1. For ASP140, are the conditions met, namely being touching a Ser or Thr at 6+ places or on another chain (Cβ under 6 Å) and either part of a helix (DSSP H, G or I) or exposed (fewer than 14 other Cβ atoms within 10 Å of the Cβ) (or both)?
2. Can you find even one residue in the stretch 166-173 that is small (Gly, Ala, Ser) and within 13 Å of the chain's Cα centre (by Cα)?
3. Name the single residue, out of those in the stretch 25-57 being among the polar types (S, T, N, Q) and surrounded by fewer than 20 Cβ atoms within 10 Å (Cβ to Cβ), that is nearest to the chain's Cα centre (by Cα).
4. With (1) away from the ligand (no atom under 14 Å from the Cβ); (2) without any contact (Cβ under 8 Å) to a residue 60 or more places away in the chain; (3) closer than 24 Å to VAL54 by Cβ as the list, and GLN136 as the residue in question, which single condition is left unmet?
5. Need the failing condition index for SER112 against (1) away from the ligand (no atom under 16 Å from the Cβ); (2) in contact (Cβ under 8 Å) with a residue 12 or more places away in the chain; (3) under 16 Å from the mean Cα position of the chain (by Cα), just the number.
6. Taking the stated definitions as given, is VAL60 surrounded by 13 or more Cβ atoms within 10 Å (Cβ to Cβ) and within 14 Å of the ligand (Cβ to nearest atom)?
Amino acid sequence: MTTKTILIHPDPRLKKVCDPVADVSDELRKLADDMLETMYDAPGIGLAAPQVGVLSRLIVLDCIKEEGDPPQPMAMFNPEILASSDETNVYEEGCLSIPDQYAEVTRPAEVSVRWLDRNGNEREQDFEGLWATCVQHEIDHLNGKLFIDHLSPMKRQMITRKSQKMKRERARV
Ligand SMILES: [Zn+2]
């Protein structure tokens, strides 16, 4: 497995609507493995293909946070939200493409998701808690949306400026 370079906001590729996966090929399975490796290495709890510069509808996640719990890596191809609860949850979100910036985001507390697994089989599952927030955050990425797009324009601009500055500094090193 190989770790990939994670794109840093602002980047036009993070604003694109990604294409559906036609079929789950070996190449895409390899990409999912590389994305999981990249996510664990970062470390993070979710990663979407556009964050590594691939504009396909693929996300990976693992929201097991308790130390000692076995990892639960998930790869979802063409994930879609079938239903969302009226009840909401607020989590302080961050993003591997926006290093060191965090903000509270309100989202539906429960979502029902359908996707293709790594064998191309259709799966459906309900998520709640951190898993629900994470899967919504990652699916947003496939539609060119970042967590800061849920914030006020002022807050979004502030975080974008900080991210831009960090990106410039990193490029200089
Ligand atoms: Zn993100």
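1. Working: touching a Ser or Thr at 6+ places or on another chain (Cβ under 6 Å): no; either part of a helix (DSSP H, G or I) or exposed (fewer than 14 other Cβ atoms within 10 Å of the Cβ) (or both): yes.
No: the conditions fail for ASP140.
2. No, every residue in the stretch 166-173 fails to be small (Gly, Ala, Ser) and within 13 Å of the chain's Cα centre (by Cα).
3. SER56
4. It fails just one condition, (1).
5. Of (1) away from the ligand (no atom under 16 Å from the Cβ); (2) in contact (Cβ under 8 Å) with a residue 12 or more places away in the chain; (3) under 16 Å from the mean Cα position of the chain (by Cα), only one is false for SER112: (3).
6. On the way: surrounded by 13 or more Cβ atoms within 10 Å (Cβ to Cβ): yes; within 14 Å of the ligand (Cβ to nearest atom): yes.
Answer is yes for this residue.
The rows are residues; the columns are (1) within 16 Å of the ligand (Cβ to nearest atom); (2) surrounded by 15 or more Cβ atoms within 10 Å (Cβ to Cβ); (3) within 15 Å of the chain's Cα centre (by Cα); (4) part of a strand (DSSP E or B).
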| position | (1), (2), (3), (4) |
| --- | --- |
| ALA83 | no, no, no, yes |
| ASP86 | no, no, no, no |
| TYR91 | yes, yes, yes, yes |
| GLY94 | yes, yes, yes, yes |
| TYR102 | yes, no, yes, yes |
| VAL105 | yes, yes, yes, yes |
| GLN125 | no, no, no, yes |
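The numbers here are math on the coordinates, done by the rules we state, and not lab data. Only a predicted model underlies this, so the values are computations on that prediction, with no experimental measurement involved. Cβ atoms come from the backbone with ideal geometry, glycine included; neighbour counts cover every protein chain shown.
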